[in-house]
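Okay, structure first, notes after.
The values are calculated or read from the model by the stated rules, or taken from the named source; none is laboratory data. Keep in mind that this is a model prediction, so the values were computed, not measured. Positions of Cβ are backbone-derived with ideal geometry, glycine not excepted, and every protein chain shown enters the neighbour counts. Only protein heavy atoms, including side chains, enter the accessible area calculation; ligands, DNA and RNA are left aside. Shrake-Rupley method; radii C 1.70, N 1.55, O 1.52, S 1.80 Å.
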Amino acid sequence: MESARHVFRVLFLLLVVVVIFSVGRTFLVPKSYGAYGPYRFDNVAEQAAIRPPQHGGSASCGACHAERLKAVAAGAHRRVGCEVCHAPLARHVQDGARIAAMPVDRSFTLCARCHRRIEGRPAAFPQIVLAQHQGGVEGTACIDCHAPHSPKL
Amino acid sequence: MDETQSDAPAPAPQPAPEPVGRREFLSNALRLGGGVLVFLAGAPALGEGPVAEGYDWTQHRYAYLIDTEKCIGCGSCVRACKAENGVPDGFFRTWVERYVVSPEASHVDSPKGGLDGFPPIQTPFTPTKSFFVPKMCNHCKETPCVQVCPVGASYRTQDGLVLVDAERCIGCGYCVQACPYGSRFLSPTTHTAEKCTWCYHRVTKGLKPACVEVCPTGTRQFGDMRREDDPVRLAIAHGRVSVLQPHLLTEPQCFYLGLDKEVR
């Protein structure tokens, strides 16, 4: 049985390698790795909870500003969300409590982002050329004449 | 052998079994060992739970629809994305490009990704058409970015998003180069790859991505292909949609309506 000693020696070596590998793998590979593919599945849940949603949508604004929301919904800006011109809900309300005033931008720049005539906009979209508009000067507030929440043309 | 044995005057004693040679033994042992290692490596990990409370990711498969003919280039989406996801200055998870085209020449610009909207533009040629094209990660089905990731940090979820595990990412930037749409960048703060997540923290709560939420013209739409009556699913099924760079066979899940041939 001289050869058996060699067999056992090699088998022992193999066993040591397997044990080192499994122990090493347990420590080095994250728990959920490979659950659904070659990635760490736990990260999917982490991404889903990475931060609370910042934008609430116009409906969330309606919780306090129902009248305003109704007025907007009846006008030409009905498809423009409140947060487009103001700011994300999270800057105004957090956990149901008001934390800061909502920014109100009354500048020409805000309106111009959508309504200044520039190359690229669909022709049917209402746009103005400032020079041909009431002898307008850049910087003059559009909202002196147009109601921003329900503009009439 | 049998014939020679039967001819022999006396039955030869059974030959002793051939001893296993060292070479053969070692090669068999290695094969067995290798097999064990492969088995261990492939063993599925445990601990699969829901992605979020009340959210089953097998019940959704998202798709995005962009109607370029409606886009007015206001940049609300770019600003919303920045606010929603804290995108670092100078980098964009979504951006808007302006194409000014004539039969002879074309000009593309995207000042600050469209973050502050677009200024009037003068081109050295007389444009015959011009339009805006919002762009972002296409969340491809056969995405090159996931294929090149050497550490398994990029992956595609069962509900159809391509995400980056910042904890695994080593910031090698292979995926940034592999993406044919330029949708990824290395974050200057974390030094890991960053990209559009279709606002996974929102969609898993039943909300729309921030860019879709704020789009004032309905250019950007987000839908669920597993919902029979989903407007985006119907638009993709019935409308004439196209994708960016279809020749690359990446199977983007961002579909475009009214895409011009100039757009890449």
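Brief remarks follow.
- Residues that are out of contact with any Gly (no Cβ under 8 Å at 6 or more places or on another chain) and within 18 Å of A:Ile143 (Cα to Cα) number at least 1 in the following helices (runs of 4 or more DSSP H) confined to region A:24-130: A:66-74, A:82-85, A:108-115.
- Considering region B:148-264, the qualifying helices (runs of 4 or more DSSP H), each wholly inside and each with 1 or more residues that are open to solvent by 40 Å² or more (accessible area, probe 1.4 Å) and among the charged types (D, E, K, R), run over B:210-214, B:231-238.
- Residue within region B:179-199 that is facing chain A (nearest Cβ under 8 Å) and in contact (Cβ under 8 Å) with a residue 12 or more places away in the chain present: yes
- The single condition among (1) touching a strand residue (DSSP E or B) at 6+ places or on another chain (Cβ under 8 Å); (2) more than 18 Å from A:Ser32 (Cβ to Cβ) that B:Cys179 does not meet is (1).
- B:Pro9 assigned to a loop (DSSP other than H, G, I, E, B), at pLDDT 70 or above and open to solvent by 100 Å² or more (accessible area, probe 1.4 Å): no
- Residue match in region A:89-102 (condition: within 14 Å of chain B (Cβ to nearest Cβ) and touching a strand residue (DSSP E or B) at 6+ places or on another chain (Cβ under 7 Å)): yes
- Residue list for region A:23-36, filter: open to solvent by less than 40 Å² (accessible area, probe 1.4 Å) and at negative phi: A:Gly24, A:Pro30, A:Ser32, A:Ala35
- Any hit, region A:46-55, residues being acidic (Asp, Glu) and more than 30 Å from B:Arg156 (Cα to Cα): no
- Condition met for A:Val72 (over 22 Å from B:Val51 (Cα atoms) and assigned by TED's automatic domain parsing to the domain that holds A:Leu89): yes
- Among the residues of region A:37-54, those that are crowded, with 17+ Cβ neighbours inside 10 Å and in contact with a His (Cβ under 8 Å, 6 or more places away or on another chain) comprise A:Gln47, A:Ala48, A:Pro53.
- Top-ranked residue of region B:69-96 - restricted to ones that are open to solvent by less than 10 Å² (accessible area, probe 1.4 Å) and touching a Leu at 6+ places or on another chain (Cβ under 7 Å), ranked as nearest to the other protein chains (Cβ to nearest Cβ): B:Gly75
- Considered as a group, the residues in region A:5-56 that are more than 30 Å from B:Gly206 (Cα to Cα) and of a type in the set (Lys, Arg) include one that is nearest to the other protein chains (Cβ to nearest Cβ), and that residue is A:Arg25.
- Any hit, region B:108-124, residues being of a type in the set (Gly, Ala, Ser) and either more than 12 Å from chain A (Cβ to nearest Cβ) or over 28 Å from A:Gly81 (Cα atoms) (or both): yes
- Given (1) open to solvent by less than 90 Å² (accessible area, probe 1.4 Å); (2) modelled with pLDDT of 95 or more, number of the condition A:Leu13 does not satisfy: (1)
- Residues satisfying the stated conditions in region B:75-98, i.e. over 12 Å from B:Phe132 (Cβ atoms) and assigned to a loop (DSSP other than H, G, I, E, B): B:Gly86, B:Val87, B:Pro88, B:Asp89, B:Gly90, B:Phe91, B:Phe92, B:Arg93
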